[in-house]
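What follows is a single structure, written as structure tokens, with notes after it.
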């Protein structure tokens, strides 16, 4: 394809996308989410310095059947991954002959709140660390096991299991620790940077177009509080970095590597954008 | 999936004689339909759970012949009328011949 | 290069065709005659009547991979008033068969819920065969949407 036709192409696609996005708009639903007797916070006042007044869970932008599937912890297929995570938790792996349980005992106790506070500052690496990286750190340093490759099914299952122990708890990360603030700054810059042939920034959809339809998808604020999330599209639970990479690929940009500095900065910033929302892991989305 | 298919079954623990209870069942399985193609254009072969059955104290309650149009991680919700205490036995049959089972007890008074 | 609207939308999604959707839209669909044949076979030649069976399906499916559906058949489920089987079909899928539920007196209620795949907007059809040979049918159209930038 010649450069001129690529440019014409992109303009056409962007134009069409804009048209499609502008064609329909709907309010998020007015509904409450309770899971196993725990009231989920799906609307919260936005933290200081946030572009919105209110942060909203992606749950509010989904069809009734999708919302019902998340509300029923039994029907929620994401819980299969959580159960698998529970098995992995108890499985001994590595030369040290340990399982997660060897040090952390009962996850329901020891992991409570953990999922709501990641990503965290890691002094040893001088970078933020998310749940997946923390799990790998534990595997290597304490279990003498191999770190998981990105999106290994057990990595996803274990992250879902650990984060699920914080179900209902409000997301709150600590930006004062280490150099988290500078990573937040970098993440914010990434969030607002247009990229790819389609020239979209995260903000193009998840800030400027919240409530609009992009084809038939009802655009949400793009929050991270439900990850790892069960996506109907994939028929399984998927990780946050998988989703971030996918979104970026759809702008027709090169995908950054999972856990790269750019994506870690973005994770810090995007997690902050959902401050106050309950952890919903495993959320159910389209 | 690197792990074996896992059933997840919800049955009430107690019921009154003659009561109709609701069972909810899930099993982790990709349900490869046989319609997809890989990057090289080769058809990814079909591999699904093709049958689900539920028995109570050895008597058939409900069963389903399953085609590839049933979603991944197949979910079935159905009813059973219980007159006595006993055990539900649930069975899932894979195209490859594997059989997965789960059992759930219920106390009926 | 002449562009069809479908091409523009497909490319605007930005993704290379990755085999995520189990049923790709645009594939050959079940011919109406096939659906008619399947129903006739199941019904033993009897003409299905409307009534007794209710099929519940969403008006709009958020994603064609996972569409929840339920059926319920009015029946005492004892003695002569029994449901034998319920056949579920999708008339726009590559293959119309979806599932066949079998009930017994121990079912208590002839009702079931499951989640199914729909390749495109189409009708979901539920046919109930009673123990006395009578046949009933219900049908619902489900709109299947193609998402935006799905990642």
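Every number in this text was worked out from the coordinates using simple rules, so none of it is lab data. Since this is a predicted model, take the numbers as computed values, not measurements. Cβ: placed from backbone, ideal geometry, glycine included. Neighbour counts: every protein chain shown.
Structural remarks
- Kirkwood-based shape ratio for the range A:28-142, expressed as Rg/Rh from alpha carbons: 1.04
- Global geometry of the range A:149-234, whether rounded, prolate or oblate, following the gyration tensor of its Cα atoms and the 1.5 cut on a/c: oblate
- Note on residue B:101 and residue A:123: with the Förster distance fixed at 56 Å, the Cβ-Cβ geometry gives a FRET efficiency of about 0.70.
- Cβ-Cβ distance of residue B:39 and residue A:31, R₀ of 45 Å, FRET efficiency by 1/(1 + (r/R0)^6): the value works out to about 0.65.
- By the Stokes-Einstein formula, at 1.306 mPa s and 10 °C, the range A:127-282 with its Kirkwood radius over alpha-carbon pairs has D equal to 97 µm²/s.
- Fully extending the segment from residue A:177 to residue A:39, taken as 0.36 nm per residue of separation minus the present Cα-Cα distance, adds 46.7 nm.
- Per residue, the convex hull around the alpha carbon atoms of the range B:16-78 comes to 84 Å³.
- Base-10 log of normalised Debye intensity for chain A (one unit scatterer per alpha-carbon) at q = 0.07, 0.10, 0.13, 0.14 Å⁻¹: -0.26, -0.54, -0.90, -1.04
- Chain A: relative contact order in percent, alpha carbon pairs under 8 Å with at least 6 residues between: 28 percent
- Dimensionless Rg/Rh of the range C:66-147 - Kirkwood Rh, Rg from C-alpha atoms: 1.02
- The protein assembly as shown, helix-only ellipticity at 222 nm - DSSP H runs n ≥ 4, -39,500 (n - 2.57), divided by all residues, nearest 500: -7500 deg cm²/dmol
- Rounded FRET efficiency, nearest 0.05, which uses the C-beta distance separating residue A:74 from residue B:108 and R0 of 22 Å: 0.55
- Label-to-label distance for residue A:52 and residue C:80 is 6.1 nm, based on points extended 7 Å past Cα in the beta-carbon direction.
- Cut-off 17 Å (backbone N to label point 7 Å along Cα→Cβ of residue A:260), residues of the range A:167-192: A:186-192
- Chain B - share of DSSP beta bridges that are antiparallel (%, nearest 5): 95 percent
- Compactness of chain B - radius of gyration and Dmax, Cα, Å: 16.2, 60
- Measuring spread by the Cα atoms of the range A:94-212 yields a radius of gyration and Dmax of 17.2, 52 Å.
- Cα gyration tensor of the protein assembly as shown - equivalent ellipsoid semi-axes, whole Å, descending: 41, 30, 21
- Among A:76-82, C:137-143, the peptide with the highest mean count of other Cβ atoms within 10 Å heads the list, and the full ranking is A:76-82, C:137-143.
- Shielding value for A:82-88 is 2, the average number of Cβ atoms from other chains within 10 Å of each residue's Cβ.
- Between helix A:153-164 and chain A: long-axis angle, C-alpha atoms, 0 to 90°, nearest 10: 90 degrees
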